[in-house]
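A short write-up of the structure that comes next.
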Amino acid sequence: MREAIGALPAERWDEKLPAGWTLKEMVGHLAHWESTVPAFVDSLRTGTPQEVALLVADDGGGDVDEQNARAAAEARGRSRDEVLRRWDDAHAEMLEVARTLSDAELEDVSFMQKFEGESYGHYPNHYADLSAAIKDKDDLLAVVQMSWTPFRLAIGAIGLPSLEEKTWTGWTYKDLVAHAAAWEDRAASRLRTLRESAARTYPGVDDTDEFNAAVVERTRGRHARDVIGELDAAHARIVEEIGKLTPEQIHAKDDWVISVVAGNTYGHYADHLDEIFVSVPKRPAELLGKMREGWRPFRRALNRLGLSALSDTTPSGWTYKAMVSHVANWMEKLAGEMPNRLAGRRGPFPDVDAENAREAEASTSRSAHEVIERMHAAYKGVVELVTALPADRDIDFLAVRLVVGETYGHFVEHGAEIEAALPRTAADYVERIDKVWKPFRAAIRERGRAGLGEPTSSGWTYKDLVAHVVGWMEQIVREIQTKEFRTGWTSETIQEFNDRSVRTHELVGPEAMVDELDTVYRRLIEILRGLGGGDVDEKIASSLPHYTYLHWEEHFAELGIPL
């Protein structure tokens with residue numbers, strides 16, 4: 001109710017509604033009656049009879065009609081923001097009182113009648129007025145989108161792994177998301193039928209329980225990211241259908257369209273918000289945990305993609321380099337907006353399209369190393385920002401959703417683009433390895449026998465670099481053959497391994513060193529081709545890029561190969 005009213009444009013606030021009030025006066029009326037709850041409860045707790053408590057709560061304000069008239073008159077003299085703020089304050093105070101109710105008071109009809117009469121039982125009395133205030137598709141879309149944004153961001157805030165956990169209803173969060181998606185999709189179909197039948201057909205819904213059960217069954221075993229994508233697609237579809245409706249269609253048959261849209265979008269989101277917000281992070285440590293939970297698979301996927309592939313085009317039409325620059329840019333902007341969100345407000349809305357276009361253009365002149373390093377620095381900056389927040393204090397949801405939207409929620413949004421380009425089969429890995437191997441091997445060949453003894457920019461000789469590369473390729477060959485994959489590498493153990501690889505090849509001549517490089521490469525390719533079809537084992541997939549193509553790309557700068 002609150003989000004729907006708040007979403008309506010300012011010009012609707014002074015238009016007369018069917019009940020004779022304006023929207024502003026109606027909100028003033030709602031605020032007045034909610035504000036009477038605390039005094040009423042206090043009076044009952046002191047033993048005051050209910051009829052006397054009502055007078056105390058109403059401050060002796062006369063009968064209902066007189067109080068309504070006074071509330072409406074007071075609202076007319078206030079601004080839209082003041083009226084909404086008064087309602088918000090009254091509602092918050094009422095909720096605080098509700099939190100203090102004892103078990104006995106919860107069973108006392110005197111208490112419950114007051115709460116019901118001034119809030120959840122009162123709001124439906126004004127649904128018809130609210131529907132009348134929705135004039136056209138733009139108004140209806142504003143109401144839908146105002147509620148969609150926090151709902152969608154709250155789901156994103158839970159994080160992909162946690163979507164597999166159960167809610168208090170017995171569903172998983174993934175089931176809930178699929179359920180919301182299915183009903184939005186079904187509503188979109190109903191709107192389309194209405195529109196294409198020229199408002200002669202108003203399709204109903206008879207199989208709610210069966211429909212919900214089928215959705216849950218269909219969702220079992222699916223990846224949470226795919227289910228999230230289904231929700232976004234369904235929402236886009238209903239938004240598209242609403243955008244095609246005329247004002248006459250929206251209000252035909254007692255506002256049938258508004259009822260369908262409300263029941264399957266903003267009204268439906270409200271049904272599940274409490275269920276969702278239980279798992280939304282509220283303290284800095286919780287938020288940091290979700291950030292790391294989302295960062296690791298995103299960063300791991302980029303590793304498997306490799307640096308050279310960042311210049312390739314994504315399914316969305318830009319390059320991976322542009323996508324990474326885009327992700328970094330929005331993380332960098334988070335620090336400037338965070339003070340506003342922590343204070344419970346929003347700063348100026350940026351020109352998103354212009355920012356994205358600028359980053360895509362700028363990425364063409366940046367190296368793959370630069371965009372990855374920038375993204376790392378941007379993420380580290382957000383981690384430091386969240387870490388600095390008071391550990392024992394809840395974070396305003398406006399701030400939480402900002403962090404979610406620019407970090408792990410954003411990573412999921414672009415994860416599918418990366419996943420689409422990742423090697424999966426042995427043949428895919430052979431192709432990716434060979435593609436990076438060719439420029440690497442050509443750069444070694446260009447140095448010639450004498451050039452291998454010259455120092456690189458890192459202080460090694462080029463022969464040492466080759467020995468180092470050989471050592472890591474031998475390691476992955478050994479791990480694949482023995483099926484024993486070493487984990488827990490540290491900077492110290494990596495340095496020891498590098499030193500050992502160089503030391504054991506000190507007496508090997510340049511030509512023999514290059515021959516060994518080619519030999520271990522051929523052995524690696526033969527082993528990969530012998531793995532057969534199907535996706536490569538996850539242990540191999542996790543290690544292979546770091547020992548091969550991603551590793552070689554890290555040395556491209558020393559070899560003069562542009563990225």
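The values are calculated or read from the model by the stated rules, or taken from the named source; none is laboratory data. This structure is a prediction, so every number in the text was calculated from the model and none was measured. Methodologically, a virtual Cβ is constructed for each residue, glycine included, from the backbone with ideal geometry; neighbour enumeration extends over all protein chains shown.
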How many residues of region 500-530 are of a type in the set (Gly, Ala, Ser), without any contact (Cβ under 8 Å) to a residue 12 or more places away in the chain and part of a helix (DSSP H, G or I)? The answer is 1
Matching residues in region 207-230 - criterion: being over 10 Å from ALA178 (Cβ atoms) and among the β-branched types (Val, Ile, Thr): THR208
Among the residues of region 103-162, the number that are charged (D, E, K, R) and under 16 Å from GLU34 (Cβ atoms) is 3
All but one of (1) surrounded by fewer than 17 Cβ atoms within 10 Å (Cβ to Cβ); (2) closer than 26 Å to LEU302 by Cα; (3) touching a helix residue (DSSP H, G or I) at 6+ places or on another chain (Cβ under 8 Å); (4) not acidic (Asp, Glu) hold for GLY488; which doesn't? (3)
What do you reckon, is PHE497 farther than 23 Å from GLY560 by Cα, assigned to a helix (DSSP H, G or I), touching a helix residue (DSSP H, G or I) at 6+ places or on another chain (Cβ under 7 Å) and of a type in the set (Phe, Trp, Tyr)? yes
Given the conditions (1) part of a helix (DSSP H, G or I); (2) within 28 Å of MET338 (Cβ to Cβ), and given that ILE395 satisfies all but one, which numbered condition is not satisfied? (1)
If you check every pair at least six apart or on different chains, which have Cβ atoms under 7 Å apart with a residue in region 55-70 that is in the same structural domain as MET26 (by TED's automatic domain parsing) and more than 16 Å from GLY28 (Cβ to Cβ) first and a residue that is at pLDDT 85 or above and among the aromatic types (Phe, Trp, Tyr) second? ALA57/PHE40
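Would you confirm, using the coordinates I've provided, whether GLY121 is under 30 Å from SER43 (Cβ atoms) and not in a helix (DSSP H, G or I)?
In short, yes.
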Cross-chain or 6+ apart pairs with Cβ under 6 Å, region 467-495 first and closer than 17 Å to TYR549 by Cα, then outside any helix (DSSP H, G or I) and at pLDDT below 95: ALA467/HIS505; GLU479/PHE485
Limited to region 436-462, what total is found for residues that are farther than 13 Å from LEU559 by Cβ and in contact with a helix residue (DSSP H, G or I) (Cβ under 7 Å, 6 or more places away or on another chain)? 2
Subset of region 212-228 [out of contact with any His (no Cβ under 9 Å at 6 or more places or on another chain), closer than 21 Å to HIS268 by Cα and touching a residue at least 12 places away in the same chain (Cβ under 8 Å)]: ARG218, ALA224, VAL227, ILE228
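What about ARG449, is it surrounded by fewer than 16 Cβ atoms within 10 Å (Cβ to Cβ) and not assigned by TED's automatic domain parsing to the domain that holds GLY229?
Yes.
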Given the structure, is GLU286 closer than 21 Å to GLU419 by Cβ and either in a helix (DSSP H, G or I) or outside the structural domain of LEU153 (by TED's automatic domain parsing) (or both)? no
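The rows are residues; the columns are (1) in the same structural domain as LEU153 (by TED's automatic domain parsing); (2) acidic (Asp, Glu); (3) at pLDDT 95 or above; (4) outside any loop (DSSP other than H, G, I, E, B).
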| site | (1), (2), (3), (4) |
| --- | --- |
| ALA270 | yes, no, no, yes |
| MET291 | no, no, yes, yes |
| ARG304 | no, no, no, yes |
| ALA309 | no, no, no, yes |
| VAL324 | no, no, yes, yes |
| ASN329 | no, no, yes, yes |
| GLU332 | no, yes, yes, yes |
| GLU337 | no, yes, yes, yes |
Do you know which of the residues in region 414-451 that are assigned to a loop (DSSP other than H, G, I, E, B) and more than 27 Å from VAL466 (Cβ to Cβ) is modelled with the lowest pLDDT? ALA420
For VAL205, the lone unmet condition from (1) assigned to a helix (DSSP H, G or I); (2) out of contact with any Asp or Glu (no Cβ under 8 Å at 6 or more places or on another chain) is (1)
Positions within region 118-142 being under 23 Å from ALA92 (Cβ atoms), buried (at least 16 other Cβ atoms within 10 Å of the Cβ) and of a type in the set (S, T, N, Q), in sequence order: SER119
